[in-house]
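All remarks here apply to the structure that follows.
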Amino acid sequence: MTATREEVLAKVRGVLVEALGVDDDEITPEATLEGDLGAESIDFLDIVFRLEKAFAIKVNKVELFPDEILNNPDYVEDGKMTAEGVSKLKAAMPHADFREFEKDPQIERIRDLFTVATIVNYVELKLKAA
Amino acid sequence: MRWIWIDKFTQFESGRRAVAVKNVTRAEEHLHDHFPAWPVMPPSLIIEGVAQTAGILVGEARAFGMNVILAKIRSATFTDYAVPGDTLSYEVEIETLDDHGATTRGVVRRGQEEIARVDLMFSHVDGAVHAGLPRHNFVFTGTFTDLVRSFRPAPPGSGGGDS
């Protein structure tokens, strides 16, 4: 039986409580991993490992956090991500919501793409594909 | 010089689990001040011993071809002190292992008694990819690999040598 979105969110919440040491009620779908929940770069690997265990899925870190696009200076111009970069990132991250970012694609706003909902979306896509 | 916080491995199952022992002695200088008249092995050094046990287990799983860096203490809980005269065993097992890193679970015992649990995460670091790091393997020098020499098959024609 396919897990409901609420069931996936509940498990993701458990993963983030353990990985980030935050309180359960801080983990809303809109919460950003870095800004709101205080995740540091090394926590992303921890989150990957914990998601794999919680959902019995194989998580490709590059798929969830496509570093090669995120950190590519070719896609940066005047502090903003270029249209090509945004386009590539959108293709690589169908699990993220780009509506706000596209309005003002400042590089420092990239981190806001990584919300709790982004992870839930990713897991749902993985579970559907399994 | 490496600061080694395990004395020897007593069990080593490649890619799966390992057990190392640490004898706590009053001769260790750090115990003279931690604390005066009440020597207690600092939990941070027990964590380091578990990390060395687990890190060597993780490194050996990839034939010591990758630098294995302690990236995160996922959890560490202590239920008793370790004092001079204690022999601690660090029992670790690999939970997950892939190209990015590994997670391990560890139990610290004094005899049969469990006194701590230490779960860790390691990152695989490639000096050829990560700027600012040495290109050679800077983690697994002979000091570490010698500890598991007796558990590893000798390379063909080497007579049992180590890197």
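In this simple spin-label model, placing a label point 7 Å from the Cα along the Cα-to-Cβ direction at both A:Leu125 and B:Trp38 gives a separation of 5.5 nm. Counting only alpha carbon atoms, the long axis of helix B:43-61 and the longest principal axis of chain B meet at about 20°. Considered as an equivalent ellipsoid built on the Cα gyration tensor, the protein assembly as shown has semi-axes of 40, 23, 19 Å, the largest given first.
Residues of the range B:62-82 that bury at least 10 Å² of accessible area when the other protein chains are present, relative to the chain alone (probe 1.4 Å, heavy atoms, ligands and nucleic acids excluded): B:Ala71, B:Lys72, B:Arg74. Here is the interface size for B with A: some 1000 Å² of accessible area buried, both sides summed, with a 1.4 Å probe.
3J(HN,Hα) couplings calculated from phi for the range B:24-40 with the Karplus curve 6.51 cos²θ - 1.76 cosθ + 1.60 (θ = phi - 60°) are, in sequence order, 8, 10, 5, 6, 5, 4, 5, 6, 5, 10, 10, 10, x, 6, 8, x, 9 Hz; Gly and Pro show x.
Remark: chain A carries 53 Å² of accessible area per residue (probe radius 1.4 Å; ligands, DNA and RNA excluded). Of the solvent-accessible surface of the range A:11-104, computed with a 1.4 Å probe over protein heavy atoms with every protein chain present, carbon and sulfur atoms account for 46 percent. For the options B:Ile46, B:Ile73, B:Ile94, a Gaussian network treatment of chain B with springs between C-alpha atoms closer than 10 Å singles out B:Ile73 as fluctuating the most.
Relative contact order, whole percent, for chain B stands at 22, derived from Cα pairs under 8 Å and 6 or more residues apart. In the range B:91-105, burial by the other protein chains removes 30 Å² or more of accessible area from B:Glu95, B:Thr96, B:Asp98, B:His100, compared with the chain on its own (1.4 Å probe, ligands and nucleic acids ignored). Each residue of the range A:77-88 was assigned a 3J(HN,Hα) from its phi angle through the Karplus expression (A = 6.51, B = -1.76, C = 1.60, θ = phi - 60°), giving 9, 6, x, 10, 7, 5, 4, 5, x, 4, 4, 5 Hz with x at Gly and Pro. When the solvent-accessible area of chain B is split by element, carbon and sulfur atoms take up 53 percent of it, the probe being 1.4 Å.
Using the rule -39500 (n - 2.57) for each DSSP H run of four or more residues, divided by the residues of the protein assembly as shown, the 222 nm mean residue ellipticity is -9500 deg cm²/dmol. Axis angle, to the nearest 10 degrees, between helix A:116-129 and the longest C-alpha principal axis of chain A: 70 degrees. Among the residues of the range A:27-44, those with an accessible-area drop of 50 Å² or more from chain alone to full protein complex, heavy atoms and 1.4 Å probe, are A:Ile42. For the range B:8-151, the dipole from Cβ point charges (+1 on Lys and Arg, -1 on Asp and Glu) about the Cα centre works out to 160 debye, to the nearest 20. Taking amide H positions as modeled 1.01 Å from N, with prolines and chain starts lacking one, the residues under 5 Å from B:Arg74 and 5 or more places away or on another chain are B:Asp119, B:Leu120, B:Met121. Put a dot 7 Å past the Cα of A:Lys58, heading toward its Cβ, do the same for A:Ser41, and the two dots end up 2.7 nm apart. Seen through its C-alpha gyration tensor, with square-root eigenvalues sorted a ≥ b ≥ c, the range B:8-151 comes out prolate because a/c lies at 1.5 or above while a/b is bigger than b/c. For chain B, modelled as a GNM whose springs connect Cα atoms under 10 angstrom apart, the maximal fluctuation among B:Gly59, B:Gly49, B:Gly85 occurs at B:Gly85.
Among B:Val83, B:Val108, B:Val68, the largest mean-square fluctuation in a Gaussian network model of chain B (Cα springs under 10 Å) belongs to B:Val83. Classified by the C-alpha gyration tensor, the range A:1-72 has an oblate form. Its axis ratio a/c, with a ≥ b ≥ c, is 1.5 or above, and a/b does not exceed b/c.
Shown in residue order for the range A:10-24 are the 3J(HN,Hα) couplings computed by the Karplus curve 6.51 cos²θ - 1.76 cosθ + 1.60 at θ = phi - 60°: 4, 6, 4, 4, x, 4, 6, 4, 6, 6, 10, x, 9, 7, 3 Hz (x for Gly and Pro). Using a probe of 1.4 angstrom and keeping all protein chains present, the accessible surface of the range B:13-138 works out to 46 square angstrom per residue. With each label modelled as a point 7 angstrom along the Cα→C-beta vector, the A:Glu6-A:Glu84 pair spans 4.7 nm.
The values are calculated or read from the model by the stated rules, or taken from the named source; none is laboratory data. Nothing here was measured: the structure is a model prediction, and the numbers come from that model. No Cβ is skipped: glycine too gets one built from the backbone with ideal geometry, and neighbour counts run over all protein chains shown. To get the accessible areas, we keep the full protein, side chains included, count just its heavy atoms, and leave off ligands, DNA and RNA. Shrake-Rupley method; radii C 1.70, N 1.55, O 1.52, S 1.80 Å.
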